[in-house]
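The following block contains the structure, expressed as structure tokens.
We did not get these values from a lab; they are worked out from the coordinates using the rules stated. Being a predicted model, the structure only gives us computed values, none of them experimental.
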Amino acid sequence: MSSGYGKFVSRAEQSAWMHSLRPNTVYVDFVFNNGDGDHPLLEQLAHLESTRTVGVESGNGYYFRPRPTVIKRRFAYDRDIIRAIDSLGCFFPESTSSQQWTGLGDVDVVFLDKRGKMIGATVTHEGMIITPDDEDADGLPR
């Protein structure tokens, strides 16, 4: 599945896609483009441990350039993560919404397998879902 400008993915489709990744998801990275202070997602996941990193390198859905100022939180997979994303309205607003963001805000999400390879990612500000099928053998966009 890929999406983006001109190709709308409904909330139900976003949720179904996210649920389809569950069997292979070992880690979930949240990339907070505008900081993570007082974020409602972190309030819902306060009972889970995470690793907080400032900045991300290119790769796993982030192509061509590092992003040194974003905040990344890595969680080991837990069903509460899926529930929290669903409760915040998933990744992108419905097409009929006048809102720019769901309750998740400008947060990109990367689902990783046991090897740390991306099995699915969102680029929230572009309304995109990325899968390994969207990348070439070197992990770059097709």
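Taking amide H atoms as placed 1.01 Å from N in the peptide plane, list the residues 5 or more away in sequence, or in a different chain, whose amide H sits under 5 Å from that of Ile71.
Here Phe32, Gly35, Gly55 satisfy the definition.
Could you go through segment 105-119 in sequence order and give the Karplus-derived ³J(HN,Hα) for each residue, using 6.51 cos²θ - 1.76 cosθ + 1.60 with θ = phi - 60°, rounded to whole Hz, and x for Gly and Pro?
Values per residue, Gly and Pro as x: x, 8, 10, 8, 10, 10, 9, 10, 8, 5, 8, x, 8, 5, 10 Hz.
Give the long-range amide H neighbours of Gly120: residues separated by 5 or more places, or on another chain, with amide H under 5 Å away, using H modelled in the peptide plane at 1.01 Å from N.
Phe111
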